[in-house]
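The values are calculated or read from the model by the stated rules, or taken from the named source; none is laboratory data. Every value quoted in this text rests on a predicted model; they were computed, and no experiment measured them. Virtual Cβ from ideal backbone geometry, glycine too; neighbours counted across all protein chains shown.
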Amino acid sequence: MLTRELNQIRGLRHVRKEFPALKHGYYYYILRYDPDAFGGLDPDGLCAALNAEGIPFVPGDRKPLYRHPVFEVERLAEHLGPKILERYRESMDPARLACPEAEAACRCTILLRHQVLLGSEKDMKDIVEAVHKVQEHIDEIK
């Protein structure tokens, strides 16, 4: 019900890959939104507006996985041998590495943690109403 209702909101869609033989675990409930449909708000701004309505959305990842510090060559130097480290350095060169869709997703993704999804049907309706309200009053919010 939550996915169906949220997917009907202009500029918003639940991020899920359909695999008929598998069930989704919903540890995170991820939404991708069109910033233009929400007054150009970044994930922090949109989450702040939704939080003000009592819905605990949080921004998605601020950078793609391959840009996280844990994967920086300097952090791996003590864990990899010199040949492997050099091959890694060549393949993970930040100047050459680019995943534009992953980068774009970080600028327009918000999520709910799984605890929120344990609520009642009314709680799910409250989430939908809050998103509608924020979108409807986006000019005032900005």
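Scan (1) surrounded by 15 or more Cβ atoms within 10 Å (Cβ to Cβ); (2) part of a loop (DSSP other than H, G, I, E, B) for the single condition Arg96 breaks and write down its number.
Looking at each condition in turn, Arg96 falls short on (1).
Testing Met92 on (1) more than 30 Å from Gly45 (Cα to Cα); (2) free of Cβ contacts under 8 Å to residues at least 24 places away in the same chain, one condition comes back false. Which one is that?
Unmet for Met92, out of (1) more than 30 Å from Gly45 (Cα to Cα); (2) free of Cβ contacts under 8 Å to residues at least 24 places away in the same chain: (2).
Six or more apart or on different chains, Cβ atoms under 6 Å: show the pairs whose first residue is in the range 10-34 and assigned by TED's automatic domain parsing to the domain that holds Val128 and whose second is aromatic (Phe, Trp, Tyr) and modelled with pLDDT of 75 or more.
Between residues of the range 10-34 that are assigned by TED's automatic domain parsing to the domain that holds Val128 and residues that are aromatic (Phe, Trp, Tyr) and modelled with pLDDT of 75 or more, the close pairs are Gly11/Tyr33; Leu12/Tyr33.
Any idea which of Gly45, Gly40 is more than 18 Å from Thr3 (Cβ to Cβ), assigned by TED's automatic domain parsing to the domain that holds Ile9 and not in a helix (DSSP H, G or I)? So that I can check it myself, show each step before the final result.
On the way: Gly45 fails: not in a helix (DSSP H, G or I).
Gly40 is the lone residue from the list that is more than 18 Å from Thr3 (Cβ to Cβ), assigned by TED's automatic domain parsing to the domain that holds Ile9 and not in a helix (DSSP H, G or I).
What number of residues within the range 52-93 are closer than 30 Å to Glu129 by Cα, part of a loop (DSSP other than H, G, I, E, B) and small (Gly, Ala, Ser)?
Counting residues in the range 52-93 that are closer than 30 Å to Glu129 by Cα, part of a loop (DSSP other than H, G, I, E, B) and small (Gly, Ala, Ser) gives 2.
Name the residue, out of Glu72, Glu103, Glu86, Glu90, that is surrounded by fewer than 12 Cβ atoms within 10 Å (Cβ to Cβ) and either of a type in the set (D, E, K, R) or on the phi > 0 side of the Ramachandran plot (or both). First the steps, then the outcome.
Values: Glu72 fails: surrounded by fewer than 12 Cβ atoms within 10 Å (Cβ to Cβ); Glu103 fails: surrounded by fewer than 12 Cβ atoms within 10 Å (Cβ to Cβ); Glu86 fails: surrounded by fewer than 12 Cβ atoms within 10 Å (Cβ to Cβ).
Matching residue, one of Glu72, Glu103, Glu86, Glu90: Glu90.
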